[in-house]
Amino acid sequence: MEKIEIYSSKKKSLLLLIASLIFVIGGIYMFMNAENFTGYRARSPLFIKTIGIASVLFFGLGIYVSIRQLLANQLILIIDKKGINVNPKKSQTEFIEWKNIKGFSELKIQSQKLVIIDVDNSEYWIENEENGIRKRLMKFNVSNYGSPFNLSANSMQMNYAELMKTLNENLNKYKYNA
């Protein structure tokens, strides 16, 4: 039995950590030297300090997330002969059998490419979701993109083209040739 497990990317987590550190340092610098940044656009040091604090808080969260991803090798996606498990650790309801998958399509939001998993009965997946926030997110995805499931290769060990190729090859192998 061929089973493909796709984990989070350490390289991308390291880049997130470096970028977050730079923005936290920049936020601290802005907060400490707010008077030096007042000029044409921002006349108030309070406004500059607020931006500095927001930068430290937001990108501080980025530091936390990136360190967590670096320390734990997170399993993001499992592909096997039975189907696809989109979030193996978070939700057991997101195991999608090949017979329920119509295909995969591409969604491009600005320069970010997402894989849309076209399923045959979107309402079934929404009804079976127990987490209220995830259920609302799935409804949003169905109303905007036509499917409750989408994948981004940004945090994965493989790029978008490899992910699409792997998914389509396995769909052809297990659904259409079964």
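The values are calculated or read from the model by the stated rules, or taken from the named source; none is laboratory data. This structure is a prediction, so every number in the text was calculated from the model and none was measured. Every residue, glycine as well, gets a Cβ built from its backbone with ideal geometry; the counts of neighbours run over all protein chains shown. Surface accessibility is based on the protein's heavy atoms, side chains included, excluding ligands, DNA and RNA. Shrake-Rupley method; radii C 1.70, N 1.55, O 1.52, S 1.80 Å.
Observations on the model:
- Just one of the numbered conditions (1) open to solvent by less than 50 Å² (accessible area, probe 1.4 Å); (2) out of contact with any Ser or Thr (no Cβ under 8 Å at 6 or more places or on another chain); (3) within 19 Å of A153 (Cα to Cα) is not true of L17: (2).
- Identity of the residue in the range 70-97, in a strand (DSSP E or B) and touching a helix residue (DSSP H, G or I) at 6+ places or on another chain (Cβ under 6 Å), that ends up surrounded by the most Cβ atoms within 10 Å (Cβ to Cβ): I79
- Residue match in the range 49-62 (condition: modelled with pLDDT of 90 or more, under 30 Å from T166 (Cα atoms) and of a type outside the set (K, R)): yes
- Residue pairs whose Cβ atoms lie under 8 Å apart, separated by 6 or more positions or on different chains, with the first residue in the range 7-21 and in a loop (DSSP other than H, G, I, E, B) and the second open to solvent by 60 Å² or more (accessible area, probe 1.4 Å), are S9/Q157.
- If you filter the range 98-129 down to residues that are among the acidic types (D, E) and not in a strand (DSSP E or B), you find that the one that is most open to solvent (accessible area, probe 1.4 Å) is E127.
- Residue within the range 42-54 that is of a type in the set (K, R) and under 30 Å from G83 (Cα atoms) present: no
- Pick from the range 154-166, criterion exposed (fewer than 15 other Cβ atoms within 10 Å of the Cβ) and out of contact with any helix residue (DSSP H, G or I) (no Cβ under 8 Å at 6 or more places or on another chain), ranking: farthest from W98 (Cα to Cα): A161
- Look at (1) loosely packed, with under 13 Cβ neighbours inside 10 Å; (2) closer than 30 Å to V142 by Cβ; (3) touching a residue at least 12 places away in the same chain (Cβ under 8 Å) and you find that E2 fails only one, number (2).
- Restricting the range 130-153 to residues that are of a type in the set (G, A, S) and surrounded by 13 or more Cβ atoms within 10 Å (Cβ to Cβ), the residue that is farthest from L75 (Cα to Cα): G146
- I63 being touching a Ser or Thr at 6+ places or on another chain (Cβ under 7 Å), farther than 29 Å from M138 by Cβ and not aromatic (F, W, Y): yes
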